[in-house]
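Contents: one structure, followed by commentary.
The values are calculated or read from the model by the stated rules, or taken from the named source; none is laboratory data. All of these numbers come straight from a predicted model, not from anything done at the bench. Neighbour counts are summed over all protein chains in view; Cβ atoms, including those assigned to glycine, are modelled from backbone coordinates with ideal geometry. These accessible areas exclude ligands, DNA and RNA; they are computed on the full protein's heavy atoms, side chains included. Shrake-Rupley method; radii C 1.70, N 1.55, O 1.52, S 1.80 Å.
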Amino acid sequence: MCNDFLLYPAPRSLSRLEGELILTDGRYIVLDGPDVGALRFSGSRLQAALKEAAGVSWGLVAGSAGPPAQTGATLSVVEGATQHTQGYQLTIGTHGIDVVAGSPAGLFYAVMTLTQLLDQCGATLPALRFNDWPDFPNRGLMVDISRDKVPTMETLTDLIDMLASWKINQLQLY
């Protein structure tokens, strides 16, 4: 079981629950919210993380289209569900993963936390409950590209992916 892991930034609250979740193939990621299309990117990121870190393939479904017994993760956006619009509640139980966020951005940040956990724990996740939101709505980094070596587009996209995994939502190029 994965007991020691490091999440960046550290969540506001993290509670350990009994048991663990063993990830297996053939399950579904359910996207639920008023605009399911806005959740597809986060669902796809979770799909890729599951494949890369745990070696499992999960399909994406909208609403309650999939059989409940085969639901591995539910990603829900409910306005007002969290005290901050970019906040989320993430629960990993013995039967699956449940995320509730106040906005698609909050859902994305929950998926980034889950991705960090998958990278460190693989196909066996400890049962946990997270409650998190940022201190500031805008979190950024400024990179001076006017002198010396100018980064390539590949370097910039890798930097953006790394910053997004840390829930940094702005990149300024000087």
Exercise. Which residue out of Ala53, Ala81, Ala69 is of a type in the set (A, V, I, L, M), open to solvent by 10 Å² or more (accessible area, probe 1.4 Å), assigned to a loop (DSSP other than H, G, I, E, B) and at pLDDT below 95?
Worked result: Ala81
For this session: Considering only region 28-40, state which residues are open to solvent by 40 Å² or more (accessible area, probe 1.4 Å) and touching a helix residue (DSSP H, G or I) at 6+ places or on another chain (Cβ under 7 Å).
Result: Tyr28, Ala38
Problem set entry | Test for Gln47: is it within 14 Å of the chain's Cα centre (by Cα), surrounded by 13 or more Cβ atoms within 10 Å (Cβ to Cβ) and part of a loop (DSSP other than H, G, I, E, B) | no
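For every residue, the table says whether it meets (1) surrounded by 12 or more Cβ atoms within 10 Å (Cβ to Cβ); (2) in contact (Cβ under 8 Å) with a residue 60 or more places away in the chain.
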site	(1), (2)
Leu117	yes, yes
Arg129	yes, yes
Asn138	no, no
Ala164	yes, no
Asn169	yes, yes
For this session: Could you list, in sequence order, all residues of region 84-100 that are open to solvent by 70 Å² or more (accessible area, probe 1.4 Å), hydroxyl-bearing (Ser, Thr, Tyr) and outside any loop (DSSP other than H, G, I, E, B)?
Result: none
For this session: Quick one: in region 25-41, of everything that is in contact (Cβ under 8 Å) with a residue 60 or more places away in the chain and out of contact with any strand residue (DSSP E or B) (no Cβ under 6 Å at 6 or more places or on another chain), which residue is nearest to Gly72 (Cα to Cα)?
Result: Phe41
